[in-house]
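Engineer: My questions will all concern the structure given below.
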Amino acid sequence: MDHANLLRPADEAELAVLVAEAAGSGRSLELIGKATKRGLGRPVASEAMVDLSCLTGVIDYSPEELVLTARPGTPLSEIEATVGAASQMLAFEPPDFGPLYGGVAGAGTLGGTLACNLSGPRRLKAGAARDHFLGFRAVNGRGEAFKAGGKVVKNVTGYDLCKVIAGSYGTLVALTEVTIKVLPAPEATMTLCLMGLAPDAAMTVLGMALASPHEISAAAYTPAEITTDLTPLGASACAAIRIEGVAPSVKARALALRDLLGKQGEVSSIEGEVARRFWIALRDVAPFACHNEPLWRLSVPPAVGAKAQARLIEAMPGARLYHDWGGGLIWLIAPSAKDAAATAVRGALAGLGGHATLVRAPLEARAHGPVFEPQEPALDALSRRLKASFDPRAIFNRGRMYEGV
Amino acid sequence: MIVTLGRPSDGGHALKMPEPDSRIIAERRGLVAALRSVAGTEAVIDDATSLRVFECDGLSAYRQLPLAVVLPRSTAEVSAVLKLCAERGVKIVPRGAGTGLSGGALPLADGVTVGVSRLNRILEIDYANRCVVTQPGVANLALSHAVSAAGFYYAPDPSSQVACSIGGNVAENSGGVHSLKYGLTSNNLLGVEMVLIGGDVVRVGSKAFEAPGYDFLGLITGSEGLLGVITEVTVRIVPKPETARALLIGFPSNEAGGLCVARIIGGGIIPAGLEMMDRPAIHAAEAFCHAGYPMDVEALLICELDGPPVEVDHLVGMVKEIAEGCGANSLHISTSEAERLRFWLGRKSAFAATARIAPDYYVMDGTIPRRRLPEVLRRIGDLSRSFNLPVANVFHAGDGNLHPLIMYDANKPGELARTEALGTEILKLCVEVGGVLTGEHGVGVEKRDLMPTMFDETDLNQQQRVKCAFDPEGLLNPGKVFPTLRRCAELGHMHVHHGQTPFPDLPRF
Ligand SMILES: Cc1cc2nc3c(=O)[nH]c(=O)nc-3n(C[C@H](O)[C@H](O)[C@H](O)COP(=O)(O)OP(=O)(O)OC[C@H]3O[C@@H](n4cnc5c(N)ncnc54)[C@H](O)[C@@H]3O)c2cc1C
């Protein structure tokens with residue numbers, strides 16, 4: 001990374017010293033891993049940049065304990081290879097947003113993924129990154145090294161600080177060691193596709209599947225042009241339902257689901273490499289990687305997925321989108337507008353009980369409009385006090401989430 | 001600053017609580033009148049007889065009459081009560097059903113206990129979004145009952161689920177025997193409404209999967225009533241599995257049982273439940289409820305598998321093979337629902353069974369890395385002998401959460417003190433082998449003074465600073481979780497250079 005003041009601490013002790021110095025002088029720092037997601041959030045004006053990518057390596061991994069401890073600069077690809085060799089996985093299906101921001105695939109770090117709380121399609125069954133984050137060591141904004149959580153899967157000793165660190169975008173602490181929960185990878189998987197359904201009908205189908213006992217591990221809805229690009233199923237909208245598990249179970253549940261949903265539309269399926277790539281593409285927002293328009297991520301109650309879509313299209317006729325998480329997640333390319341379409345997007349969501357994040361937009365737009373949904377005054381005040389409790393002089397990633405935070 | 005809390009007749013170790021503020025106690029009548037004016041006359045309890053009901057939670061060795069109890073009927077009333085108390089500098093102790101096992105709801109002599117038992121309505125069942133919105137005083141099991149006819153349930157199932165409140169579950173991040181596969185409270189929670197100490201009402205989370213900003217929902221979960229009073233909860237509900245079967249497997253040693261657990265999980269199987277009992281626990285349970293447990297084994301494993309019948313049968317076969325490979329000397333597989341429930345009967349009544357063979361028992365709750373189980377059980381056995389107190393162990397084996405039950409007789413002078421000393425040694429052992437002080441029951445007052453075995457001063461100061469962000473005056477449930485109370489001003493001290501502070505508009509603490 002090119003920054004006039006680039007600092008590369010080799011270990012926690014060095015990091016603590018440099019943070020303490022910065023805290024003393026009030027010098028603001030931008031924290032980066034491999035900087036693959038630097039475009040996510042409000043731009044940070046900093047006096048120095050701290051590259052944490054030297055803090056690497058798996059420290060402890062015992063598959064039968066379901067726990068892995070690593071330094072946060074370890075590339076996610078390395079972590080996934082390590083657990084994959086023991087037939088395990090990070091169940092929250094972390095996305096790789098490198099290409100989304102014009103970078104290469106496979107570069108992102110474990111720490112960056114946790115700091116942004118990024119989760120893929122399996123989130124609807126297995127939970128988010130934060131649900132798998134068990135413990136950490138870190139340096140706070142006072143330059144103090146400390147720890148929280150534990151190295152076992154079940155622990156309620158003290159506050160669950162992992163939760164606020166996940167999704168804090170580097171605004172609270174610089175992580176130096178993380179412990180995460182890992183789970184067995186499924187032996188078999190199968191994706192059923194209900195073709196040609198309108199959004200309303202598609203959401204109903206996804207809802208029916210999710211209300212069934214068949215343990216759906218992903219449920220998405222892609223428009224015709226995305227289905228064509230990602231599958232051999234042709235130019236037709238696709239309500240995709242993934243099941244995973246031991247082979248006989250997957251087979252039986254696929255049959256049961258065909259029975260359950262067959263009346264709703266034509267059922268196709270994808271398997272193997274095609275299905276794997278399909279879900280990776282949705283996970284990484286690959287269909288919208290090569291666009292210049294603003295990219296939004298909308299989190300809504302799943303049952304309003306179709307209604308949200310209708311409102312968004314009405315407000316922005318040129319918008320393109322797809323649904324994940326059973327309708328609860330919408331990825332949206334909005335036609336360029338002065339405010340990156342913030343008014344239109346947030347207006348369309350009003351009253352639906354969801355919120356919107358501007359995931360990719362030119363620096364200008366991210367600097368001047370709220371990237372993250374603005375919060376109620378009481379919550380906003382609490383956020384500022386929480387920030388100050390870790391980082392009293394606001395030296396870490398200042399302004400990344402909200403002005404001053 | 002610290003005084004000893006008076007305790008009846010038991011002779012256990014003296015628990016130090018923050019010194020009661022005599023000014024507050026002297027103004028009790030005025031406070032009660034003011035509370036009545038905001039919450040209604042009968043919502044405020046102040047006579048000694050009625051207050052007795054609230055003097056302890058499930059950790060009944062510690063008792064204290066509260067200054068007063070308020071049982072509000074709405075969020076607005078909770079807010080008014082908290083505002084009033086904050087203005088007067090009066091401490092608050094939130095309370096659910098009072099089943100907590102770590103003294104989290106233990107009253108304070110100069111504090112108002114705010115009970116949510118009258119906030120007991122389920123507000124909305126939303127099948128389309130697969131969630132339930134409820135007031136915090138509703139019992140855990142009542143949620144599952146409410147959605148059962150539609151084929152759903154609320155997954156976290158603490159053994160106390162008939163009684164414990166969903167608000168208390170959130171405050172403790174409670175788990176149950178099915179948490180291995182279905183998660184703890186935090187993994188099944190979508191949102192809460194919470195009243196902050198000054199009376200502000202905040203909503204975090206919603207029916208959507210994710211919320212903007214810092215994850216306050218996650219932070220509040222398991223915060224033991226130290227950050228606010230939870231007045232509404234939104235939880236996920238999940239479809240009931242089609243079927244469930246259990247294996248009851250006996251082993252000639254704890255090592256063999258532990259190995260079997262490791263191989264099941266290492267082999268890629270996450271059972272719905274995976275529970276282990278040691279010899280004393282097996283014998284106590286069998287004598288109590290005649291579940292048909294084998295008596296000639298050292299360790300007994302209950303492994304439950306749920307899902308579609310083909311999957312369950314398939315996995316039952318795999319587990320059977322693994323168990324045989326680990327030297328199981330007794331193996332039964334349930335062939336009917338009645339038999340499955342019978343396998344569970346002994347485990348589920350292990351606490352009650354212990355209560356029958358000993359006048360009193362004390363439940364511990366630590367988590368250990370599972371691979372250390374045989375060693376930990378051996379060392380607990382050594383400790384049990386040297387303290388001359390029997391210990392039975394039940395173990396959520398899948399996630400390493402160990403519940404040693406220490407049997408004692410409170411009427412024998414010194415036995416409670418010895419029991420607590422043994423308990424302390426057991427929890428220190430859990431931390432020593434890489435585990436933690438509590439897996440699901442919380443720190444409360446019980447493990448408060450052991451926190452330094454797991455966390456150093458810097459770690460604890462950071463936690464307390466987070467507390468200060470919510471409660472700068474330290475009025476919410478003080479004396480719990482943290483061994484040393486620090487003033488927020490002292491914790492927040494930072495050198496200010498050139499007279500500049502980063503957030504001029506923020507209160508400094
Ligand atoms: C026989 C028995 C078996 C048990 N089995 C299990 C088990 O299997 N798994 C398990 O995890 N636990 C178990 N427990 C412990 C206990 O039931 C749980 O901790 C439960 O969640 C406590 O709920 P409660 O409503 O009784 O809370 P309380 O005991 O009233 O309070 C517990 C804590 O939560 C706080 N609190 C309560 N309500 C609120 C609120 N609305 N807002 C803010 N703070 C609040 C209190 O201040 C206190 O710190 C068991 C207890 C018993 C007696």
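The values are calculated or read from the model by the stated rules, or taken from the named source; none is laboratory data. None of the values given here were measured: they were computed from a predicted structure. Glycine also receives a Cβ, built like all others from the backbone with ideal geometry; neighbour counts cover every protein chain displayed. These accessible areas exclude ligands, DNA and RNA; they are computed on the full protein's heavy atoms, side chains included. Shrake-Rupley method; radii C 1.70, N 1.55, O 1.52, S 1.80 Å.
Engineer: Label points 7 Å out from Cα along the Cβ direction at B:E27 and B:R356: separation in nm?
Structural biologist: Between B:E27 and B:R356, the label points sit 5.4 nm apart.
Engineer: Go through chain B and flag any cysteine with no other cysteine's C-beta closer than 4.7 Å, please.
Structural biologist: Unpaired cysteines in chain B: B:C56, B:C85, B:C131, B:C164, B:C289, B:C303, B:C430.
Engineer: Turning to a different aspect of this structure: How much length would be gained if the chain were fully extended between B:T41 and B:R385, taking 0.36 nm per residue of separation minus their Cα-Cα distance, in nm to one decimal?
Structural biologist: 118.4 nm
Engineer: What's the carbon and sulfur percent of region B:43-148's accessible surface, probe 1.4 angstrom, rounded to a whole number?
Structural biologist: Percent of accessible area from carbon and sulfur atoms in region B:43-148: 51.
Engineer: What order do A:E177, B:E304 take when sorted by accessible area (1.4 Å probe), most exposed first?
Structural biologist: A:E177, B:E304
Engineer: So, one more: What nm value, rounded to one decimal, do you get for the distance between B:N411 and B:T424 when each label is placed 7 Å out toward the C-beta?
Structural biologist: 2.7 nm
Engineer: In region B:135-210, if the dipole is taken from +1 on Lys/Arg beta carbons and -1 on Asp/Glu beta carbons about the Cα centre, which of B:G175, B:A149, B:G198 is farthest to the positive end?
Structural biologist: Looking along the dipole axis, the top candidate is B:A149.
Engineer: Now a separate question. How much mean residue ellipticity at 222 nm does chain A get from its helices, if each DSSP H run of length 4 or more adds -39500 (n - 2.57) and you divide by all residues, to the nearest 500 deg cm²/dmol?
Structural biologist: My calculation for chain A gives -9000 deg cm²/dmol from helical runs alone.
Engineer: Evaluate the charge dipole of the protein assembly as shown about its Cα centre and quote only its size in Debye, nearest 20, assuming +1 on the Cβ of each Lys and Arg and -1 on the Cβ of each Asp and Glu.
Structural biologist: Magnitude of the dipole: close to 1080 debye.
Engineer: Please list 3J(HN,Hα) in residue order for region B:483-493, calculated via the Karplus relation 6.51 cos²θ - 1.76 cosθ + 1.60 where θ = phi - 60°; whole Hz, with x for glycine and proline.
Structural biologist: The phi angles translate into x, 10, 7, 10, 6, 4, 4, 5, 5, x, 4 Hz.
Engineer: For region A:1-185, compute Rh as the Kirkwood radius over C-alpha pairs and then the Stokes-Einstein diffusion coefficient at 37 °C and 0.692 mPa s; write the answer in µm²/s, rounded to an integer.
Structural biologist: This corresponds to a translational diffusion coefficient of 199 µm²/s.
Engineer: Between region B:356-413 and region A:267-344, how many Å separate their Cα centres?
Structural biologist: Answer, in whole Å: 53.
Engineer: Sticking with this structure for a sec: May I ask for the distance between the Cα centers of region B:47-63 and region B:236-255, given as a whole number of Å?
Structural biologist: Centre-to-centre (Cα) distance: 37 Å.
Engineer: Given points 7 Å out from each Cα along the Cα-Cβ axis, report the B:V53 to A:S336 separation in nanometres with one decimal.
Structural biologist: Result for the modelled spin labels: 6.8 nm.
Engineer: Ok, one more. So if I restrict to the alpha-carbon atoms in region A:290-368, what is the Rg, and what is Dmax, the biggest pairwise distance, in Å?
Structural biologist: 11.5, 34
Engineer: Mind grabbing the interface size between B and A? I mean buried accessible area, both sides, 1.4 Å probe, in Å² to the nearest hundred.
Structural biologist: Rounded to the nearest hundred, the buried surface is 7500 Å².
Engineer: List every residue whose amide H lies under 5 Å from the amide H of A:C238, counting only residues 5 or more places away in sequence or on a different chain, with H placed 1.01 Å from N in the peptide plane.
Structural biologist: Amide H to amide H, under 5 Å and 5 or more residues apart or across chains, A:C238 pairs with A:G196, A:T222.
Engineer: If you don't mind, there's one more thing I want to ask. Given just the C-alpha atoms of chain A, how large is their convex hull per residue in cubic angstrom?
Structural biologist: Once divided by residue count, the hull of chain A is 135 Å³.
Engineer: Can you list, bin by bin at 20 Å, the percent of alpha carbon pairs in the protein assembly as shown, starting at 0?
Structural biologist: Pairs per bin, as whole percents: 14, 47, 34, 4, 0.
Engineer: Another question, if that's okay. Can you work out the FRET efficiency for the pair A:N292 and B:M318, with r the C-beta to C-beta distance and R0 = 45 Å, to the nearest 0.05?
Structural biologist: For A:N292 and B:M318, the calculated efficiency is 0.30.
Engineer: Moving to a separate point now. B:P252: net charge of surrounding residues, Cβ under 10 Å, Lys/Arg +1, Asp/Glu -1, itself excluded?
Structural biologist: -3
Engineer: Continuing with this model, one more query. What residues in region A:1-45 lose 20 Å² or more of accessible surface when the other protein chains are added to their chain alone (1.4 Å probe)?
Structural biologist: At a threshold of 20 Å² (probe 1.4 Å), the residues of region A:1-45 that become less exposed are A:G24.
Engineer: Could you state the accessible area per residue of region B:122-239 in Å², with a 1.4 Å probe and every protein chain left in place?
Structural biologist: 25 Å²
Engineer: Pop out the ³J(HN,Hα) list for region A:69-77 in order, Karplus 6.51 cos²θ - 1.76 cosθ + 1.60 with θ = phi - 60°, rounded to Hz; leave Gly and Pro as x.
Structural biologist: Values, residue by residue: 10, 8, 7, x, x, 4, x, 4, 4 Hz.
Engineer: Still on this structure, I have one more. Given a Förster distance of 45 Å, report the FRET efficiency between A:E14 and A:A185 from their Cβ-Cβ distance, rounded to the nearest 0.05.
Structural biologist: Computed FRET efficiency for A:E14 and A:A185: 0.80.
Engineer: Taking the inverse of the average 1/r across all pairs of different Cα atoms in region B:243-432, what Kirkwood radius in Å do you get?
Structural biologist: Here the Kirkwood hydrodynamic radius works out to 16.8 Å.
Engineer: Also, quick follow-up: Just give me a number: lysine pairs in region A:1-185, eight or more positions apart or cross-chain, with C-alpha atoms less than 18 Å apart.
Structural biologist: Lysine pairs, 8 or more places apart or on different chains, close enough: 8.
Engineer: Counting only protein heavy atoms and a 1.4 Å probe, tell me what percentage of region B:287-431's accessible area is made up of carbon and sulfur.
Structural biologist: Solvent-exposed carbon and sulfur of region B:287-431 make up 54 percent of the total.
Engineer: In peptide A:212-218, how many Cβ atoms from other protein chains are near each Cβ within 10 Å, on average?
Structural biologist: Mean number of neighbouring Cβ atoms from other chains: 4.
Engineer: Nearest 500 deg cm²/dmol is fine: what mean residue ellipticity at 222 nm does chain B get from its DSSP H runs of n ≥ 4 alone, each adding -39,500 (n - 2.57), divided by its residue count?
Structural biologist: -10000 deg cm²/dmol
Engineer: Can you give me the pair-distance distribution of region B:8-115, C-alpha pairs, 5 Å bins, whole percents?
Structural biologist: 2, 13, 24, 25, 19, 11, 4, 2, 0
Engineer: Given 20 Å bins starting at zero, what is the percent of C-alpha pairs of chain B in each, up to the one with the largest pair distance?
Structural biologist: In order of increasing distance, the bins hold 22, 53, 23, 2 percent.
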